[in-house]
Every structure is written in structure tokens, then in C-alpha cells.
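The values are calculated or read from the model by the stated rules, or taken from the named source; none is laboratory data. Predicted model, so just to flag it, every value in this text is computed and none were measured. Ideal geometry is used to build each Cβ from the backbone, glycine not excepted, and the neighbour counts take in all protein chains shown.
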Amino acid sequence: MSTTTSPPPPTESVEPPRETKSLVRGTLPRWAPWGVLAAAIVISALAVSLFGFGVAPFVLLTAVLHTAGIAAWSRWVEGGRKAADRSFTAVVTSAFLLALTPLISVVVTVISKGMDRFDARFFTYSMRGVVGEGGGAYHAIMGTLITSGLAALMSVPIGLATAIYLVEYGQGKLARAITFFVDVMTGIPSIVAGLFAYALFALVFGPGTVNGFAGAVALSVLMIPIVVRSSEEMLKIVPDDLREAAFALGTPKWKVILRVVLPTAVAGISTGVTLALARVVGETAPLLIATGATGSTNLNPFSGQMATLSVFSYYEYASPGVPFEPSLDRAWTAALTLMLIVMVLNLAARSISLLFAPKAGR
Amino acid sequence: MLILVVLAGVAAFLLVEAWPSFVAPAEEIPGEGGLVLYIWPLVFGTLLSAVLALVIAAPLAVLIALFITHYAPRKLAQLLGYVVDLLAAVPSIIYGLWGFTVLAPATRGPAEWLSENLGFIPLFAGPPSTTGRTMLTAGLVLAVMILPIITAVIREAFLQTPKLHEEASLALGATRLEMIRLAVLPFGSSSIISGSMLGLGRALGETMAVAIVLSASGGVTFNLISSGNPATIAANIALEFPESSGVAIDTLIASGLVLFAITLVVNMIARAVINRRTDFSGAS
């Protein structure tokens, strides 16, 4: 990629007959951005208190004033190029803060609303026969664990085998086609995966077959491509020296893969699997279709509908009971639990990679 | 091997299950207008919400990625990168609940303002919805959702900008903005496109958030803030499926097939762009 930088000023040519006061233009003091920011805050606070706006206009006005102020001042002292730079810095920073606001709001809302019912009862009771207050999500938590566990059980071997094929055996058109379609599969909408599982089970076991296993199949359709991608990356960074050393000792290929390549890459692979699991645990749509929902505890994934945390949260929200506050509380607590599970899985993945990673030595 | 079978299987099973709705007489399709008339508003709603989300999220994502890679202090940047990754993993239903509870009421005021002052633009014709569960809100929620995903992709690319290019342009006296314009953006441009495409794909297929936030009433309209909104394919499936049977289910599966095709195309384009970039960057 050619980098066309702006042509530097012609230093070698004779000084053009142009009025330049000095070679160095003035610079703003170091505190300039903060000073302008403070001024902008004061002005917009005045304006807001005068016209009685809310918080959002205040923040917006501050950002606009700050950007305009710093740009004008800089243009006055430093010239156009620096002014553009400074205003762009202001724009980037305020865009970042603007984007952070909703994300923080999401986290704060979930935590504050979810804490109401974050108690022992929530984790030990199911919703069987519960109307109104009380009840818990024991059945849903178990359902989530069972379906995601089954999904992992199915997709890890398949995904790992595919990755091994791609890295160790695959070459030519077939391998490239597989890579391409794995990439494409990562983008399958989750609801389509749910429809697929529903359609599959409807064809094989008769229409209307809805159980935990179907949900697990749907989840594994979503999970396989992620596992393949991450394991492939990990297998690729296993040094070729190790493989060649093992081959040189006369080891057959399958044994090299099993005893040398896989143990070397196991940390990275388990990180990838954990991240994939975290992605899949929170899926709602496929489970809504393929697994259904129920109020009682069902630990058998092969018969009957099964509740899962995400679907539980959705139904408590979409069709609340007669006094609706308890239902909403349960929905939020389920959401909080889900978020905690996802975060724990993410942290676990990080620590796995931290614990085992530096062995290969780059 | 197996993976191709799975992908082909997804398409095949959907096709088989959707078949009855293709051949069924038009009267049996819900809405009594035939299959095409049933799916078309859904396709429109899907595209509208996803494009709306992309228009909001993509520029922001570029700016955030720039902030993380080139403006934030190193320690903070590492932390922020981690937070962005984490937010990309937050389940969609949580965004949906948040959008319904927090965002929808918050958009009511601005929506009224928009319809009063910018009502001449068809997008904001109004009358504004009283619940705030509008296409605008859905688009905003989707934008918030895909923001971390797009940012993560673009951030990766920006981090890989050759340090030499950056330092060279700074050494020639470029300001930071000029350095970014001349060295970082050209290098990352294809990743901006592919990241946005991935985000678009995600927004197209997003189900629960839209199902919760959007109060759909069918019909094709560009009006973002009124209470009459076209539904999206995915949300429609999630809402209708538990109460459907017979041909209705087949119709929903057929609409799922359409969604599958749309996202497949979007993803293929994105991947093609990414692959082209890896071809290029090997040379530079």
C-alpha cells in the first residue's frame, strides 16, 4: 500500500517573498484542552439552567462548545492544520464517550434491576405452580447448563476435527472451500439455526418435536464455526520444528497430531472453546424455537420442553403474570445471571490463556 | 468435510420444511396476500433496521477504534480493548430488555421534537409513538449491539498499521490527524468495510432485541418514529412461532430461508473483501 504523505514544504528553494513572522508558529499552552473544556462546561451549564434542559442537551452542548472553542483558539494561534488536528481529537474523544454511555447504561441497568431478586430462592426454586411472587430459575439454570453442555459436547469434536483437517491435511480447493464456508457460517443468524434444528427434528421425529436436544443441535450449529476458527488459529501457531522433530523420529502422522500438536495447542484451544461457549450460552432465539419453555424442572434433554435462562427471561418479560412486578424482577435477575455466566466464562478463557500460553516461547 | 454437510443441511432442511408454503394456495398464508406479500414487508423492515443501525454504528466504531488505538493512554487502551470484547459477548436479550426499559422512554421526547421540527423529512413524519417502541429505537438498540463487534474488527486492523508508516508521516511533520488520514485509514479501509458488513450481518439476523423493542404492526413505511412499524424477519419468527401451526410455521420457515440467503450474501461479500485485503497486505 503506497503511503502518499503530504509533500513537505520546499525547504531547499529560495525563501519565497512571503510575509512570515517567524519560523515557529505559536502553540497553545498544555492546559488548553482542559481549559476550554471547563469553559464549555460552565457556559453550557449556564445555558441549561437558563432554558431548563435535561442532562443530554447539556452534555451535547458541552461537546459542541468544546470542539468549536478549541478549534477557533487553535486556528487563531496555531494555524489551520493544527486546528483540524485538535478538533478531530475532540471529536474522537467525544464520540468515544458518547458510545460508552449506552454501554455503561446497559450494565448499570441490568445490575441495579437484577439485584432485587438475586437471592438464594432464585437459584433453588423452579417456577412450578408459582403465580405472582416467589419462584426461581433453578429449572432454567439447569436447562441452560444442559443445552450448552450438550452443544459443547457435539461441537468440540466436530470443530476440532475440522480444524485438524484444515491445518494438517487439507490443501487445495476443498480446504479453501471449507475455510470460506466456516467463515460464512459464523454469520448465520441464530434464529435460522433454531429453525434448522426445528426442521430437522420435525422431519426425523415427527412434527412438533421440541426438546432440549434440539436446542443443543441449534446451538452447536452456531458454535462449530467459532470452535473451528479459534482451534485453527491455535494449531497454526504450533511450531513446525516440533512436528518435523517428531516425524524425524519415525512417528506416524496421527500420533504426531495426537501427542505433539494437540498438547501444545491445548491451552489456546480450550480458551477458544470457552469463548465460543460464552457466545452460545446467551442465545435466546434458537432455544425459543427448538427447546420451548416450561415452568417445571426438566433434566431430560430428550423429551419435553425445557426452560433456559434466556428464554425464561424473555417469557417472564413478554408475558408477565397478573401482578407483573415479580415477573419483571425475575426477568432482570435472569438477565443478570446470564451476564454473570458470560463474564465468568470470558474471564476463565482469559486466565486459561494466561496460565498456559507462554510455553511455546515466541 | 462435515461442515459443508452441516451448511448444506441447514439450507436443505429449511427448504424442505418451507416447501408447503411455496405451493400452498395464497389464502392459507397468514395475512391472505400470498407468500411474497407476506415476506416483503418483513424483508423491508429487516433491511431498514439493519441499515439504520449500521449508519449510526459504523462511523462511531471507526472513531472509537481510533481513540483506543491512537489517542487513549496505553494502559487504558488495553483495558478498553478488553471491555469492548466483553461487551461484544453480552447476550442480545439483555440489550433488548435495556432498550425496552431505558431507551424507548428516552426517545419519546427527541422523537416529538424531530416530528415538530424536521417533520418535512419523510423519515420523521410522525405522529410520534407514545411508547417509544419505534423503528428508531430498534435501530439504536441494534447500533449499540453491533458497535462493539465492528469496533473489535476495526481495532485489530488499526493496530496492525505498520509502525514505520505512522512514524514516517509524523517525522515529515504531519499532525496526528494527517497521520491517521494518510497512514492509518488507507491501511484499515477494507477492514472498515468488512467489519461493517459483519455488523450488518449481525444486525440483520438479530432476533430478541428487536422482538422486545419493536412494536410491529406490518406495512411498509420509511417513517422511523410513528407507531406503525414493519417487523423484521427474525423478530417476526420469534414472536409468531410459539403460537403457529401448519402452513403458518412453513411460512415462517420460508421467511427464515430468505433471511438466511440475505445474511449469506452479506457475509460472503464481507469475507471476499477481507480475503482481498490479506492478498494485498502480503505485498506491501
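Anything in the range A:83-119 that is of a type in the set (S, T, N, Q) and either touching a Ser or Thr at 6+ places or on another chain (Cβ under 8 Å) or farther than 30 Å from residue A:30 by Cα (or both)? List them, or say none. Before the answer, list the steps.
Step one: list which residues in the range A:83-119 are of a type in the set (S, T, N, Q), which gives A:87, A:89, A:93-94, A:101, A:105, A:109, A:112.
Within the range A:83-119, A:87, A:94, A:105, A:109, A:112 qualify.
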Within the range B:51-91, the residues that are modelled with pLDDT under 80 and among the polar types (S, T, N, Q) are B:78
Per the list (1) within 10 Å of another protein chain (Cβ to nearest Cβ); (2) part of a helix (DSSP H, G or I); (3) under 21 Å from the mean Cα position of the chain (by Cα), residue check on residue A:199 breaks on (3)
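Is one or more of the residues making up the range B:167-179 within 29 Å of residue A:189 (Cβ to Cβ), hydrophobic (A, V, I, L, M, F, W, C) and surrounded by fewer than 24 Cβ atoms within 10 Å (Cβ to Cβ)? Reasoning before the result, please.
First, pick out the residues of the range B:167-179 that are within 29 Å of residue A:189 (Cβ to Cβ): none.
The answer is no, given that none of the residues of the range B:167-179 is within 29 Å of residue A:189 (Cβ to Cβ), hydrophobic (A, V, I, L, M, F, W, C) and surrounded by fewer than 24 Cβ atoms within 10 Å (Cβ to Cβ).
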Practice task
Kindly establish whether residue B:171 is at pLDDT 80 or above, more than 17 Å from residue B:61 (Cβ to Cβ) and among the hydrophobic types (A, V, I, L, M, F, W, C).
Solution key: yes
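Table: residues versus (1) at negative phi; (2) within 12 Å of chain B (Cβ to nearest Cβ); (3) assigned to a helix (DSSP H, G or I).
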residue	(1), (2), (3)
A:238	yes, no, no
A:245	yes, no, yes
A:273	yes, no, yes
A:279	yes, yes, yes
A:304	no, no, no
Of the residues in the range A:202-225 that are away from chain B (no Cβ under 11 Å) and over 21 Å from residue B:205 (Cβ atoms), the one that is surrounded by the fewest Cβ atoms within 10 Å (Cβ to Cβ) is A:206
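Answer yes or no: is there a residue in the range B:177-200 that is modelled with pLDDT under 75 and at the interface with chain A (Cβ under 9 Å from one of its Cβ atoms). Step through it out loud before you land on a result.
Taking the range B:177-200 as the starting set, the residues that turn out to be modelled with pLDDT under 75 are none.
No: zero hits.
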Requested in this report: Return yes when residue A:230 is more than 7 Å from every other protein chain (Cβ to nearest Cβ) and of a type in the set (S, T, N, Q) and no when it is not.
Outcome: yes
- Using the structure shown, decide if residue B:154 is away from every other protein chain (no Cβ under 12 Å), at pLDDT 80 or above and in a helix (DSSP H, G or I). yes
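Would you confirm, using the coordinates I've provided, whether residue A:228 is buried (at least 21 other Cβ atoms within 10 Å of the Cβ), assigned by TED's automatic domain parsing to the domain that holds residue A:284, touching a Pro at 6+ places or on another chain (Cβ under 6 Å) and of a type outside the set (S, T, N, Q)?
Numbers: buried (at least 21 other Cβ atoms within 10 Å of the Cβ): yes; assigned by TED's automatic domain parsing to the domain that holds residue A:284: yes; touching a Pro at 6+ places or on another chain (Cβ under 6 Å): no; of a type outside the set (S, T, N, Q): yes.
Answer is no for this residue.
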The residue from A:159, A:194, A:149, A:170 that alone is modelled with pLDDT of 85 or more and either within 19 Å of residue B:201 (Cα to Cα) or within 11 Å of chain B (Cβ to nearest Cβ) (or both) is A:159
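Give the residue, chosen from A:132, A:143, that is at pLDDT below 85, assigned to a loop (DSSP other than H, G, I, E, B) and more than 7 Å from every other protein chain (Cβ to nearest Cβ).
Values: A:143 fails: assigned to a loop (DSSP other than H, G, I, E, B).
Selected residue: A:132, the only one of A:132, A:143 that is at pLDDT below 85, assigned to a loop (DSSP other than H, G, I, E, B) and more than 7 Å from every other protein chain (Cβ to nearest Cβ).
Residue B:79 - would you say it is facing chain A (nearest Cβ under 8 Å), free of Cβ contacts under 8 Å to residues at least 24 places away in the same chain and assigned to a helix (DSSP H, G or I)? Can you show your working first?
Numbers: facing chain A (nearest Cβ under 8 Å): no; free of Cβ contacts under 8 Å to residues at least 24 places away in the same chain: yes; assigned to a helix (DSSP H, G or I): yes.
For residue B:79, the condition - facing chain A (nearest Cβ under 8 Å), free of Cβ contacts under 8 Å to residues at least 24 places away in the same chain and assigned to a helix (DSSP H, G or I) - is not met.
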If you check residue B:239 against the conditions, is it within 12 Å of chain A (Cβ to nearest Cβ) and modelled with pLDDT of 75 or more? no
Residue A:300: passes all of (1) in a helix (DSSP H, G or I); (2) at pLDDT below 80 but (1)
Among (1) crowded, with 18+ Cβ neighbours inside 10 Å; (2) closer than 30 Å to residue B:235 by Cβ; (3) aromatic (Phe, Trp, Tyr), residue A:165 falls short only on (2)
Checking B:48, B:97, B:103 in turn, the sole residue that is within 7 Å of another protein chain (Cβ to nearest Cβ) and either within 24 Å of residue A:92 (Cβ to Cβ) or modelled with pLDDT of 70 or more (or both) turns out to be B:97
